[in-house]
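Heads up, the thing below is written out as structure tokens.
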Amino acid sequence: MLAEIGLGALLLAFVAAVTALLAALGAGLRKRDDWLRSARNAALLTFPLLLCSISALLLALLDGHYQISYVWSVTDPATPSFYRFTALWGSQQGSLLFWSLLLSLYCFGAILLNWREHRPLMPGVIAVTMATLAFFLALSLLLENPFERFWLAADGAVLRSAFIPAGARAPDIARLAATASGLNPLLRHFGMIIHPPMLYLGFTGFVIPFAFALAALASGDLSATWIRATRRWTLLAWMFLGLGLLLGGRWAYDVLGWGGYWGWDPVENAALLPWLTGTAFLHSVLIQEKRGMLRLWNMLLVIFAFSAVLFGTFATRSGLIESVHSFARSDIGFPLFAFWSAMTLVALGLTLWRQRQGLLRDERAFAGLSGRESLFVLNNVVFAALFIAIFWGSFGAPLISEVLLDAPITLGVDYFMQVTPPLFAILFLLMGLAPLAAWGNSSLRRLGMGLRAPLLLTLPPLALLALAGMRTAEALLAYGLVTLAGMVALIEIIRGARARVRAWGETWPQALVALFNRNRGRYGGYVVHLGVTVIGIGVIGSTLFQAETQRTLARGESLTLQNYELRFDDFSEALANDGRLLQVAAVTLSRDGRHIARLRPRIDVFPQQPMTIAGIHSSAENDVYVLLTGHDETGARATFRLTINPLINFVWWGGLLLLAGTLIAAWPQQLSVASQRQDSPLQELQA
Amino acid sequence: MKTILLALVLLSLALPALAQPVSDDDVNAVAARLYCPVCENVPLDDCETAACRQWKSEIRYQLDAGLSPKTIIDDFVARFGQRVVGTPTDPTLRALALVTPWALALGAFLSGGLLLRRWARQRRAASLPDAHDPQNDYRARVEADLRARR
């Protein structure tokens with residue numbers, strides 16, 4: 001029954017999406033408001049219908065309906081309830097349905113929240129979002145149906161079909177349960193309950209700015225209206241995608257067992273590309289808002305951000321690239337490729353058309369090379385260069401080399417560590433300079449004056465690092481640039497609050513609250529900059545100063561790395577409730593001869609594959625990461641890999657700051673009476 | 001002289017025995033520069049499949065036999081293709097891989113530079129007085145009159 005309910009709701013959602021698409025197109029062409037209202041109602045209906053469909057699938061997973069082939073392929077009777085929930089996005093069919101649900105949720109929110117204010121753009125917005133949703137629902141219905149069931153034909157053959165074939169009957173459920181596959185071991189991790197939803201929320205969220213951009217292009221209303229409507233949605237999608245990337249890094253760190261969090265894997269990079277484009281847009285859109293410039297560029301960035309989302313989805317799910325994420329491959333590659341190409345070409349065609357009509361011309365002339373506009377343009381150029389370098393390394397070079405030269409190549413960490421660090425260094429430099437430059441014509445002298453305090457505050461930590469023994473030029477330069485960017489953000493916040501304290505006699509906490517209330521976008525942005533600074537500190541430390549060693553030890557033997565000592569104490573085996581064999585080593589970790597932790601690195605042996613789960617001793621200074629990589633038959637000798645990851649926890653803490661900053665920036669502006677008070681020096685400071 | 005020669009011969013015979021045994025770290029240092037030939041995009045030192053363990057054992061034997069890391073990597077490339085290294089060793093493929101992104105990035109920087117230059121020109125053009133502006137003629141005549149009165 002659950003399969004019928006889920007399939008019925010899915011089919012109705014598809015019909016609603018197509019109806020909304022046609023009605024919205026008609027409303028746009030014929031200027032019929034009644035059709036537009038019908039389009040809205042049909043579009044709003046897709047979310048509850050998909051919620052119903054996915055609830056049916058979830059209940060089937062939780063209740064073990066193994067006749068549904070998706071349930072059979074991602075769970076088995078030993079799967080705990082927690083992982084039955086995460087199994088919803090554990091394979092292609094379920095994750096596609098989940099993708100569609102989140103897409104319909106965004107459409108639901110965007111239509112309701114923008115209906116009155118942006119009514120003229122609504123036909124285009126509904127048409128684009130519903131076209132996208134209808135495409136993904138069609139994939140679910142026709143190619144990757146999560147409600148397909150097993151049937152036994154009269155001749156005994158096992159069939160898979162959404163509807164009962166003529167003469168077939170349902171197979172024995174107990175037999176199906178006994179042969180069920182179970183969830184991919186790599187997905188049996190707490191992070192899996194939150195990492196994919198965050199990533200999908202990020203991916204699908206970019207459809208809203210894209211839809212508004214296309215609606216603006218189609219309607220010819222290319223004023224700042226569409227920008228105002230989309231900025232908050234872009235920020236939301238950007239935040240979720242950033243969180244998804246960070247959580248993915250944490251999952252890789254905990255589960256993949258190689259001591260790192262970012263392997264420059266093509267699938268990771270496919271998610272990074274729209275995030276980079278979104279970051280560039282969030283900066284350059286300020287120029288359009290404040291100065292009426294870069295209108296064409298902003299349009300292109302929004303188009304490329306969603307195009308990168310569709311390309312990433314295509315690359316991840318089509319088998320275009322092989323990686324640890326390849327569990328999600330299937331034969332939907334060509335339809336995804338066609339849809340990605342069509343959407344991108346239509347969007348670029350519309351942009352070209354409007355550009356030729358002069359509708360994307362800048363409203364204001366450039367004021368000076370040292371103004372904030374120029375620095376933002378440079379920032380966008382660096383983001384574009386990063387996009388190119390990462391796209392080339394992940395997809396461009398391997399595909400061209402394989403297709404044209406018949407020589408498959410891999411561009412791995414070596415390539416990315418040669419190409420990306422200089423670009424990231426320039427980005428951090430610009431992150432430090434841009435907040436100090438004024439809009440319009442800013443003098444270099446003013447920029448230099450503004451830099452004095454942050455530079456002075458940057459020097460002492462660098463001197464301390466040099467005194468502590470860090471002498472490599474690249475590390476000092478990297479830390480110098482990152483610290484400078486952070487100091488600028490911090491000083492800008494302090495300057496703003498100090499102005500309020502002096503002008504209004506507010507206490508520091510009052511001044512800070514009022515400051516953030518008054519200009520959430522700007523000060524939320526500074527908190528994001530601080531978050532990125534903290535992440536930068538962690539990335540530099542864990543990349544440049546990572547230390548590693550591996551040895552085989554007999555019980556009682558030790559290995560040392562820097563001032564840490566690891567002693568192998570014991571080895572044991574146990575069978576877990578879900579059927580995996582746990583091979584656990586007990587080790588003692590000491591530092592300078594002092595016992596600091598007892599860790600239990602282990603190998604989880606699943607029928608499909610073994611997984612190495614690290615034992616981690618975590619502190620602000622570093623993570624000591626211990627992997628059990630092998631052992632002899634009796635467990636008398638075991639091989640350990642010991643890795644020291646300096647400052648790695650700054651990566652996760654910076655992520656929290658990034659989240660806080662984005663929430664501040666995206667929160668709707670409601671000025672309190674106190675924070676609305678302005679006088680001329682404050683306006684000067686906070687403009 | 002004979003004693004010295006005898007000592008040298010004995011020393012050369014004893015050298016392999018005195019040489020440091022190949023450690024896991026030595027093997028991983030080479031394996032980290034290689035990618036698993038079977039499971040794509042997984043560095044060999046991190047790969048724990050049976051095939052990868054065997055390849056790592058092979059690297060250990062090769063190091064033990066005195067082969068340099070470069071020779072071992074070249075051997076892997078000869079057997080499994082350019083896919084097993086993080087950046088291709090073949091000069092053409094290496095140039096394609098490494099030069100192209102910089103060329104494209106340079107293109108992006110040049111485009112940005114051209115945009116800024118165009119903006120700067122527009123600004124200069126906007127701030128320069130128009131030679132055919134009647135206001136300019138009028139201003140010139142007023143200034144000439146003022147100079148004449150002085």
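No value in this document is a laboratory result; all are computed from the given coordinates. Just so it is clear, the model here is predicted, and its values are computed rather than measured. No Cβ is skipped: glycine too gets one built from the backbone with ideal geometry, and neighbour counts run over all protein chains shown.
3J(HN,Hα) along the range A:446-451, derived from phi through the Karplus expression 6.51 cos²θ - 1.76 cosθ + 1.60 where θ = phi - 60°, amounts to 5, 4, x, 4, x, 6 Hz, with x in place of Gly and Pro. Near the amide H of B:VAL42, within less than 5 Å, lie the amide hydrogens of B:CYS36, all on another chain or at least 5 residues away, with H placed in the peptide plane. Relative contact order of the range A:532-586: 20 percent, from C-alpha pairs under 8 Å at least 6 residues apart in sequence. Inter-chain Cβ neighbour count for A:352-359, averaged per residue, equals 0 (cutoff 10 Å, partner chain atoms only).
Taking every alpha-carbon pair under 8 Å whose residues sit at least 6 apart, the range A:101-188 reaches a relative contact order of 16 percent. Rounded to the nearest 0.05, what FRET efficiency is calculated for A:ILE400 and B:ASP145 with R0 set to 51 Å and r the Cβ-Cβ distance? The value I calculate is 0.10.
With both labels modelled 7 Å from their Cα along Cα-to-Cβ, the A:ARG356 to B:SER23 distance reads 6.8 nm. For the peptides B:70-80, A:402-412, A:387-397, residues were scored by their other Cβ atoms within 10 Å and the scores averaged per peptide; the highest-first order is A:387-397, A:402-412, B:70-80. Once you have a ≥ b ≥ c as the square roots of the Cα gyration tensor eigenvalues for the range A:192-292, tell me rounded if a/c is under 1.5, and otherwise prolate or oblate according to whether a/b is larger than b/c. Cα axes put the range A:192-292 in the prolate bin.
Per residue of B:80-89, other chain Cβ atoms within 10 Å of the residue Cβ number 6 on average. Oblate is the label for the protein assembly as shown. Its Cα gyration tensor axes, ordered a ≥ b ≥ c, give a/c of at least 1.5 and b/c at or above a/b.
Round to the nearest 0.05 the FRET efficiency obtained for A:ALA178 and A:TRP115 when R0 = 56 Å and r is the Cβ-Cβ distance. Result of the calculation: an efficiency of 0.60.
Amide H contacts of A:GLY371: A:SER442, each under 5 Å away and 5 or more positions distant or on a separate chain (H built 1.01 Å from N in the peptide plane; Pro and chain starts excluded). Couplings 3J(HN,Hα) of the range A:532-547, computed from phi: 5, 4, 5, 4, x, 4, x, 5, 5, x, 6, 8, 7, 10, 5, 10 Hz, in residue order, whole Hz [Karplus 6.51 cos²θ - 1.76 cosθ + 1.60, θ = phi - 60°; x for Gly and Pro].
Using a cutoff of 8 angstrom between alpha carbon atoms and counting only pairs six or more residues apart, the relative contact order for the range A:364-499 works out to 31 percent. Partner shielding of B:44-50 amounts to 4, given as the average count of beta-carbon atoms from other chains within 10 Å of each residue beta-carbon. Placing R0 at 41 angstrom, the Cβ-Cβ distance between A:LEU656 and A:LEU348 gives a FRET efficiency of 0.60 after rounding to 0.05.
For the range B:22-36, 3J(HN,Hα) computed residue by residue from phi via the Karplus equation (6.51, -1.76, 1.60; θ = phi - 60°) reads 6, 8, 4, 5, 4, 5, 5, 4, 7, 4, 5, 8, 10, 10, 4 Hz, glycine and proline entered as x. Would you mind classifying the range A:517-590 by shape? Square roots of the alpha carbon gyration tensor eigenvalues, ordered a ≥ b ≥ c; an a/c under 1.5 is rounded, otherwise it is prolate if a/b is larger than b/c and oblate if not. In terms of gyration-tensor shape, oblate. Using the average count of surrounding beta-carbon atoms within 10 Å as a protection proxy, the listed peptides A:35-45, A:563-573 rank, highest first, as A:35-45, A:563-573.
Taking the average, over residues, of other Cβ atoms within 10 Å as the packing measure, peptides A:308-315, A:414-421 rank A:308-315, A:414-421 from highest down. Annotation: amide H-H contacts under 5 Å for A:ALA597 (H modelled 1.01 Å from N, sequence separation of 5 or more, or interchain): A:LEU589.
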